[in-house]
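Here, each number is a calculation from the coordinates, and none is a lab measurement. In this text the structure is predicted, and so the values were computed from the model without any measurement. Glycine gets a Cβ as well: all are built from the backbone with ideal geometry, and neighbour counts include every protein chain shown.
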Amino acid sequence: MGAPISTQDWSYLNPANWAGASYAPAQANTIGAIEAAIVAQLQNYAAANPGSALAMVEIAHFPDKPESYRLVNRVGAVLVEFSGAEYQPEDDTALVVQERRLSFEVNVLARDLGWGYGALASGTSPGAYALLDAVRTALTGFRPPGCKKMRPVRERFLERDAQGAIWYYSAEFVCSTVAMEAQPAAPAAALVSARALEKSGQTTRSVAAAPYIFNASNQVQLVQGNVSNVVVTSDPAGTTYVQGVDYNLDAVNGVLTLISGGAIAAGATVLVAYSYADVVSTATAQNGAPTN
């Protein structure tokens, strides 16, 4: 767990306040999902940077029928398409697991390069070069879900449509993910139950001394688990009992067990003060789906 923000309520981490949630396994990193994330990143960058060249053009997936596509934006367009993937050698002898390196072409269509007749940049709208720079800035280091960060590979001139007065450029980016063979569903969940105990005292809370009675099993169950700094005294206070001599402590579950021959009598009432940190529990439901 990271360091908590002082104004944030962390009580939801207490199992007593947590109603539970079903676990939904992650979906496969499909081509369509990754391409959609790239398009969304370019659109979000344009919205967050209204002065960028990307904010003045159409941003979309590459058209299904490019021969029917018409550039209607007065400045240009940025169209994203999947161009291929390479697979590295497998890393396991029992299971096919490979690095999958996907390539995406970002096609830049622009009415001009940013100037006229070889003069200095003075056009009223961004040209192809400014769009290429903006695309590189928006996508370099962007991490699609389940992938490594994207990096540029090359930029190149494609053609000049003299009739349509459009410049065509391409910027190629790659990102890596993992490909593995499909596995049949397991007949039962591998995880039956688990408990995660916070360490380092990031959300430690202190509990004032309160009376507890040793039950017929010579045990005291504290309200919280994952306890520390336990102090056990007589009731009324006056005698401090020694862990390992008078009682044993199960700090994970918050259980005190009386030691025969110690200073605490069977069925005695004691005062217990302690500190505790968060505990997160996970168990398997009857249908095999783990719940928290």
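Going by C-beta contacts inside 10 Å, put Cys175, Cys147 in order with the fewest on the left.
On the way: Cys175 23, Cys147 19.
Least crowded to most crowded, the residues run Cys147, Cys175.
Shape verdict for the range 31-180, please, from the Cα gyration tensor: rounded (a/c under 1.5), prolate (a/b greater than b/c) or oblate.
Details: a/c = 2.40, a/b = 2.08, b/c = 1.15.
Prolate.
Report ³J(HN,Hα) in whole Hz for each residue of the range 170-182, in order, from the Karplus equation J = 6.51 cos²θ - 1.76 cosθ + 1.60 where θ = phi - 60°; Gly and Pro get x.
3J(HN,Hα) across the range 170-182, in whole Hz: 9, 10, 9, 10, 10, 9, 10, 9, 10, 10, 8, 5, 5.
Against the 2.2 N^0.38 Å scaling, with N counting residues, where does the range 204-276 land? I'd like the Cα-based Rg ratio to two decimal places. It would help to have the intermediate numbers written out before the result.
Working: Rg = 11.0 Å, N = 73, 2.2 N^0.38 = 11.2 Å.
After normalising by residue count via 2.2 N^0.38 Å, the value is 0.98.
Could you work out the relative contact order of the range 204-276? I mean the mean sequence separation of Cα pairs under 8 Å and 6+ apart, divided by the number of residues, in percent.
Rounded, it is 50 percent for the range 204-276.
Gain in length, Asp250 to Glu86, computed as 0.36 nm per residue apart minus the alpha-carbon separation, to one decimal in nm? Mind dumping the intermediate values first?
Values: separation 164, 0.36 × 164 = 59.04 nm, distance 5.31 nm.
The span from Asp250 to Glu86 would gain 53.7 nm if fully extended.
Can you list residues from other chains, or at least 5 along the same chain, whose modelled amide H is less than 5 Å from the amide H of Ile59?
Here the answer is Val78, since their amide H atoms fall under 5 Å of that of Ile59.
If we count other beta carbons within 10 Å of each Cβ, what is the order of Tyr169, Tyr247, fewest first? Please list the in-between numbers first.
Details: Tyr169 21, Tyr247 24.
Lowest to highest Cβ neighbour count: Tyr169, Tyr247.
Using alpha carbon centroids, what distance separates the range 130-167 and the range 208-246, in Å?
66
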